[in-house]
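All remarks here apply to the structure that follows.
The values are calculated or read from the model by the stated rules, or taken from the named source; none is laboratory data. These numbers were taken from a predicted model, which means no experiment stands behind them. Because the Cβ atoms are built from the backbone with ideal geometry, glycine has one as well, and the counts that use them run over all protein chains shown. Protein only, heavy atoms only, side chains kept; ligands, DNA and RNA dropped before computing areas. Shrake-Rupley method; radii C 1.70, N 1.55, O 1.52, S 1.80 Å.
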Protein chains: 2
Amino acid sequence: MSDSLERIIKAIKPLDEVAMEAARKRQDSLTKPQGSLGRLEELSIKTAGIKADPLPKLKHKAIIIMVADHGVVAESVSLYPQEVTRQMVLNFLEGGAGINVLASHVGARVVIVDMGVIGGFPPLPGLVCKMIDFGTKNMANGPAMSREQALDALEAGIKVVEAEMGKGLDIVGTGDMGIGNTTAASTICAAITGEPIKKVTGRGTGIGDKQLAHKIEVIKRALAVNHPSARDPVDVLAKVGGFEIGGLAGVILAAAAYRIPVVIDGFISGAAALIASGLSPRVKDYLIAAHVSAEPGHALLLNFLGLRPLLNLEMRLGEGTGAALGIFLAEAATRILTEMATFAEAGVSEAQPIPEDTIKKWGHQKSPIF
Amino acid sequence: MSDSLERIIKAIKPLDEVAMEAARKRQDSLTKPQGSLGRLEELSIKTAGIKADPLPKLKHKAIIIMVADHGVVAESVSLYPQEVTRQMVLNFLEGGAGINVLASHVGARVVIVDMGVIGGFPPLPGLVCKMIDFGTKNMANGPAMSREQALDALEAGIKVVEAEMGKGLDIVGTGDMGIGNTTAASTICAAITGEPIKKVTGRGTGIGDKQLAHKIEVIKRALAVNHPSARDPVDVLAKVGGFEIGGLAGVILAAAAYRIPVVIDGFISGAAALIASGLSPRVKDYLIAAHVSAEPGHALLLNFLGLRPLLNLEMRLGEGTGAALGIFLAEAATRILTEMATFAEAGVSEAQPIPEDTIKKWGHQKSPIF
């Protein structure tokens, strides 16, 4: 393990209970019935604990999209040709992709990181190069990458977060692009959670029944050939992962270490969270699960991590599109906490429980409950 | 029925199928796997049908909050004193309430309408006066209002929408405030849907078990005393409704007539939607159900209306707070539709189904599916 990965893992501390308690008290003093903003209240308290700030502000927002190619596409696991990975990077840079629209809608900047796209790119404004290799190897025949490359990918994610912190980073969303990467994510998910392959494998970009059955066979083969060890997340990442998944795991670890809330997107980001939380279980407390994807493995994976998604909009695009919506909700939650008036400030009367005498009188009435 | 109510009801037309078909085709040409943005895609297509525009824009957004008092609070159905209705109007005007924060977060203006708060208000900047009376009468003893007042309330909602259209109104959210109004909403819900009172009655601002049992008894009495006719929505509104609920029903009818999408908030707005859709069943097509509230009647009511909520964040504040989040999603959906690049524009390769020859080869493999 590299020095900086070790340093980052050591730096991940528990949530700040004092800030959380102060946030909880403030929520109960705001001009609304207690608890009436439901999960937004929870989310604001969690964010206070993450940032160790009873009145957290989420001004600077970024979605980090890690992109890489996958050797396993040689097995015909996707509906789209491999060149789409590369083409979509250009689409991100031009602002034409789904994540560009949604990130703009929530006021988040987009950071596009080449973790290993086949062919590479010339220097392009807006593209961060952390290329590990021109795509992974075909995991159906052997390890997707070396252990050293897996560690390099984690390291790259840490470096990207540290660089973004220089521009201001109050909350980060994770995003991914890589044709074939639901195959890698399903394999990671099966390896770490122990769930049956069939349960964690879905249609990705939209494959039909026969191709889905084939995809399941390919994953079975990848696990049989590689024997990834569930107890060693770096081993899982190396044998059946992807460069962008490793990069995102690094992003998650670094964000947790620096007390930055991480809004995880869909299935690929979830697989990265499995790797990261294998390296430091405390990471889970820093994660906000934006949504549950239409990929069937995602719900299982979130359950394994003890996370409850905020949204279910049947999305399955990736790119960080779900994370963008989650960032919006996290900011809404913290604005509620910090901007609403208290009962005292607004001169609004608080709840007045009914006197016992009145309740006793009701007791004489026929009631459908008692 | 007044002339303008009749005119509005007649003006409600079916959704525009041509615009919806064009929007559907465009969604399928955008740089993402088809259907991968799930319910956001549906929402963009519905919005196109509502606005009769294949590329709808939601620039001008407003949340209309109707406020009124309820005579039924004399029966001790709420945890908060009646004066809170009035105090919260002042809080809305000062910008300290939950809806102020969330409306600002989604870029919507807030329109506060006094439909009948006890004591009334002097002219205040930002407060629209459509006062019908100083609160309704206690429906546990007789009709909450006269039939004429019910029609006036509907009319007031229409007038508010027409006035707001002068400022630009591309989408409208509904909101409510009125201590005691979950009691009215539950009674309307029971009267119109025929569901058992116990199933549609909840804890409102947070009452305990005994007070809940009492609230159910009060609703039972209100229905027994008034016999509202499920076939006559104005009768239901008059006998067991509220001025703000009537106002919101008018808002919903007018928005549908003018082809403006209406994002309905929680249980109170849902009761208003029941009244409005009783007057014109086509109204349902113009409704976007933002969320399902923690009030148990809300899910039943949405099901009765054939609406599927976008969010479930366990919120139960009212004020339009859920609607604000729904407006955000509707705008996200239309921005996706109008701003994303197509495959052709971005030079991204489209899906390539696997050749039959390849699939035949897979057929020889053992597969867990076939």
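With the contact rule set at Cα under 8 Å and sequence spacing of 6 or more, what percent relative contact order holds for the range B:275-341?
Relative contact order comes out at 31 percent.
Would you tally the net charge around B:Pro123, using a Cβ to Cβ cut-off of less than 14 Å, leaving B:Pro123 out, and scoring K and R as +1, D and E as -1? Write out the running numbers ahead of the final one.
Working: positive: B:Lys130; negative: B:Asp114.
It works out to a net charge of 0.
Counting only other chains, what is the mean number of Cβ atoms within 10 angstrom of the Cβ of each residue in peptide B:97-110?
Average neighbour count from other chains, rounded to a whole number: 4.
List the accessible area buried at the contact between A and B, summed over both sides and calculated with a 1.4 Å probe, in Å² to the nearest 100.
Buried area (both sides, nearest 100 Å²): 6700 Å².
Name the residue from B:Ala290, B:Gln211, B:Gly242 whose Cα lies farthest towards the positive end of the charge dipole of the range B:197-298, charges +1 on Cβ of Lys and Arg and -1 on Cβ of Asp and Glu.
B:Gln211
Shape call for the range B:61-336 from the C-alpha gyration tensor, a ≥ b ≥ c root eigenvalues: rounded (a/c under 1.5), prolate (a/b greater than b/c) or oblate?
Note, shape of the range B:61-336 comes out rounded.
Could you work out the relative contact order of the range B:217-307, using alpha carbon pairs under 8 angstrom and six or more residues apart, expressed as a whole percent?
25
Along Cα-to-Cβ, 7 Å out, sits the label point; list in nm, shortest first, how far the one on A:Lys199 is from those in the other copies.
The projected label point of A:Lys199 is separated from its counterparts by 3.3 nm.
Hey, any idea what % of the protein assembly as shown's accessible area is carbon plus sulfur with a 1.4 Å probe?
Carbon with sulfur: 54 percent of the solvent-accessible area.
Counting only complete DSSP H runs, which helices of chain A cover 24 Å or more along their long axis at the Cα atoms and score a mean Kyte-Doolittle of -0.5 or above? Intermediate values should be presented prior to the final figure.
Values: long enough: A:147-165 (28 Å, -0.01); A:209-226 (26 Å, -0.17); A:321-339 (27 Å, 0.94).
Answer set is A:147-165, A:209-226, A:321-339.
Rounded, prolate or oblate: which fits the range A:1-65 when a ≥ b ≥ c are the square roots of the eigenvalues of the alpha-carbon gyration tensor, with rounded for a/c under 1.5 and prolate only if a/b beats b/c?
Prolate is the answer for the range A:1-65, as a/c is 1.5 or above and a/b outweighs b/c.
Which whole number of Å³ per residue matches the convex hull of the alpha-carbon atoms in the range B:249-362? Before the final figure, lay out the partial values.
Numbers: hull volume 20.8 nm³, N = 114.
Hull volume normalised by residue count: 183 Å³.
Inter-copy label distances at B:Ser104, 7 Å along the Cα→beta-carbon direction, one decimal in nm, shortest first?
Nearest first, the other copies' label points are 2.6 nm away.
Give the nm distances, rounded to one decimal, from B:Lys25 to the matching residue in every other copy, measuring between label points 7 Å along Cα toward the beta carbon; shortest first.
Between copies, matching label points for B:Lys25 lie 6.2 nm apart.
Tell me, what is the percent relative contact order of chain A, built from C-alpha pairs under 8 Å that lie six or more residues apart?
With pairs under 8 Å counted, the relative contact order is 24 percent.
Cβ under 10 Å from A:Gly168's Cβ, A:Gly168 left aside: what net charge do those residues give with Lys, Arg +1 and Asp, Glu -1?
With Lys, Arg at +1 and Asp, Glu at -1, the neighbours total +2.
In the Gaussian network model of chain B, springs joining C-alpha atoms below 10 Å, which of B:Pro143, B:Pro81, B:Pro125 carries the largest mean-square fluctuation?
B:Pro125
Straight-line reach from B:Lys360: which lysines have a Cα under 16 Å away, not including same-chain ones fewer than 8 places off?
Hits, sequence-local ones excluded: A:Lys210, A:Lys215.
Could you please report the charge total around B:Ala330, scoring K, R as +1 and D, E as -1 over all other residues with beta-carbon less than 13 angstrom from its beta-carbon?
Overall, the nearby charge balance is +3.
So what's the back-of-envelope 222 nm ellipticity for chain B, counting only DSSP H runs of four-plus at -39500 (n - 2.57) apiece and dividing by all residues, rounded to 500? Don't jump to the answer; show the numbers that get you there.
Details: 16 runs with 188 residues, N = 370.
Only helices count here, giving -15500 deg cm²/dmol.
Which of the peptides A:310-316, B:24-30, B:68-74, B:353-359 is most tightly packed, and how do the rest follow, judged by the mean count of other Cβ atoms within 10 Å per residue?
Highest to lowest by the protection proxy: B:68-74, A:310-316, B:24-30, B:353-359.
Rounded to whole Å and sorted largest first, list the principal axis extents of the Cα atoms in the protein assembly as shown.
Its Cα atoms span 79, 57, 47 Å along the three principal axes.
Give me Rg over Rh for the range B:74-205, both radii from the alpha carbons and Rh done the Kirkwood way, two decimal places.
Looking at the range B:74-205, the ratio lands at 0.96.
Express the accessible area of chain B per residue in Å², computed with a 1.4 Å probe while the remaining protein chains stay in the model.
Using a 1.4 Å probe on heavy atoms only, each residue of chain B averages 35 Å².
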